[in-house]
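**Q** Okay, handing you the structure first.
Derivation of every value follows stated rules applied to the coordinates shown; laboratory data play no part. For clarity, every value in this text was computed on a predicted model and none was experimentally measured. Cβ coordinates were reconstructed from backbone atoms using ideal geometry, including for glycine residues, and neighbour counts include every protein chain displayed.
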Amino acid sequence: MAAEKVQPILEVKALSKDFVAGNVLTRRTVKAVQDATFNLYAGHVTALVGESGSGKSTIVRMIARLYQPTGGQILFKGQDVAHDRTRGRLLKYRSQVQMIFQDPFSSLNPVHRVRHNLERPLIIHKRIKRRQDMREQVHSLLRRVSLTPVEEFADKYPHQLSGGQRQRVAIARALAVEPLVILADEPVSMLDVSIRLGILNLMAQLRNEQNIAFLYVTHDIASARYFANEILVMYAGHIVEGGASEELIQNPQHPYTQLLLSAVPDPARGLRTAEVEVVGEIPSLAEVGLGCPFAARCAHVMDKCRKAMPPRTQLSETRWTRCYLYE
Ligand SMILES: Nc1ncnc2c1ncn2[C@@H]1O[C@H](COP(=O)(O)OP(=O)(O)OP(=O)(O)O)[C@@H](O)[C@H]1O
Ligand code: SF4
Ligand SMILES: [Mg+2]
């Protein structure tokens, strides 16, 4: 099983991102992420679950240093990296914090064979000391993601692989630089349901054997329950509830999480998909005010809910939420 939570490897503190959208006449600020705070731990999977447009990928992209945060901090091994643009340090950070995308094609070069795709990161991040070790290193990566016979897979082009095999190569590519953190943004949602489990099991194996910290973004609560130690629920740019996966699913506390879980097929029945569906109207992120983003849809809404975002309430050692019902 996963390692004990001790020191976080990565800390996200009060992270926010505003986008400016529209043209000169329709210009508006989209508050894509507000005040996101959570930690990632070695050997531990944290799932980020929420409706489409709730801000999940924006969080991932800020941590991957693809988007500059509007506010807040990202601490990696205790150092703030959110605003550090020093080239050498950025390259090192990017090797230690790798990303796996929904579409594996986006991280593979289609005109080159698998072998070349795996050699590139080894060269760029100087992971290879002697040229003659390259072949064995590439084969070892393919073995780690169970693509055997390795010679055969190394010589294929990405388009000659199935979707699941391509995602395995993308994972091997991420592993090439020995990352401490993997950010996986919907890594199985484009794959057939029948092969999703194999990829999730591979990632679980990497978590357990190599102590990698995962941030796993998904719409699928069943897979979050299966793979993640902890779940964070996002709604309209805010993380509204977080905690140990099983407890959160068995006993959701935030009214939005309750609604979300009541709308999905029973995630208790194994790894069937249980996709998060949009239930009711999602507020426009350009209009989200100061209060609780769920106020317009909440059956328990109070005056104060519309005035300020509720603070974080610790419900137990492993659970927290942001809702005035639990203040
Ligand atoms: N580059 C951008 N410019 C302007 N707005 C953006 C940009 N990227 C994201 N947004 C907006 O930010 C909000 C959050 O988007 P994001 O992609 O993070 O959501 P998501 O939770 O990943 O959704 P999905 O589940 O569909 O992938 C959305 O309203 C989106 O339109
Ligand atoms: S803070 Fe208020 S509006 Fe928001 S979920 Fe809680 S009770 Fe409902
Ligand atoms: Mg997304």
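**Q** When the chain is modelled as a GNM with alpha-carbon springs shorter than 10 Å, which of ALA296, ALA236, ALA222 fluctuates the most?
**A** Of ALA296, ALA236, ALA222, the most mobile in the Gaussian network model is ALA296.
**Q** Please report the net charge: other residues with Cβ closer than 9 Å to the Cβ of LEU108, K and R +1, D and E -1.
**A** In short, +2.
**Q** Within the set of other residues whose C-beta is less than 11 Å from the C-beta of LYS13, count the net charge using Lys and Arg as +1 and Asp and Glu as -1.
**A** -3
**Q** Quick one: compute the contact order of the range 10-326, relative version, from alpha carbon pairs under 8 angstrom and 6+ residues apart, as a percent.
**A** Relative contact order, the range 10-326: 21 percent.
**Q** Identify which of GLU11, GLU51, GLU209 has the largest mean-square fluctuation in a Gaussian network model of the chain, with springs joining Cα atoms closer than 10 Å.
**A** GLU209
**Q** Just the number, please: percent antiparallel of the DSSP beta bridges in the range 10-326, rounded to the nearest 5.
**A** 60
**Q** Report the dimensions of the range 81-234 along its three principal axes from the alpha-carbon atoms, largest first, rounded to Å.
**A** Here the spans come out as 46, 40, 28 Å, largest first.
**Q** Please list 138-147, 17-26 highest first by mean number of surrounding beta-carbon atoms within 10 Å per residue.
**A** By packing density, highest mean first, the sequence is 138-147, 17-26.
**Q** Would you mind ranking CYS305, CYS323 by Cβ crowding within 10 Å, fewest neighbours first?
**A** Starting with the residue having the fewest Cβ neighbours, the order is CYS305, CYS323.
**Q** Would you mind ranking LYS92, LYS56 so that the residue whose beta carbon has the fewest other beta carbons within 10 Å leads the list?
**A** Least to most surrounded, the residues fall as LYS92, LYS56.
**Q** Right, another one. Roughly how many whole Å is it from the C-alpha centroid of the range 33-84 to that of the range 179-195?
**A** 17
**Q** Then there's this: Excluding GLN68 itself, what net charge comes from residues whose Cβ is under 12 Å from its Cβ, given Lys and Arg +1 and Asp and Glu -1?
**A** Residues near GLN68 contribute +2 overall.
**Q** Under 5 Å between amide hydrogens, which residues at least 5 positions from ASP220 or on another chain qualify, with H placed 1.01 Å from N in the peptide plane?
**A** Those lying under 5 Å, H to H, from ASP220 are VAL276.
**Q** Another question, if that's okay. Rounded, prolate or oblate, given the Cα gyration tensor of the chain, with a/c below 1.5 counting as rounded?
**A** Here the chain falls in the prolate category.
**Q** Can you tell me the mean projection area, over all orientations, of the convex hull of the range 221-266's alpha carbons? Units nm², please. Display every interim value, and only then the final one.
**A** Working: hull surface 12.0 nm².
Approximately 3.0 nm², given one-decimal rounding.
**Q** What's the tally of Lys pairs in the chain whose alpha-carbon atoms lie under 22 angstrom apart, where the two lysines are 8 or more places apart or on different chains?
**A** Taking the chain as the scope, the lysine pair count is 16.
**Q** To continue, here is another question. Let me have the 222 nm mean residue ellipticity of the chain computed from DSSP H runs of 4+ only, each contributing -39500 (n - 2.57), with the sum over all residues rounded to the nearest 500.
**A** -8500 deg cm²/dmol
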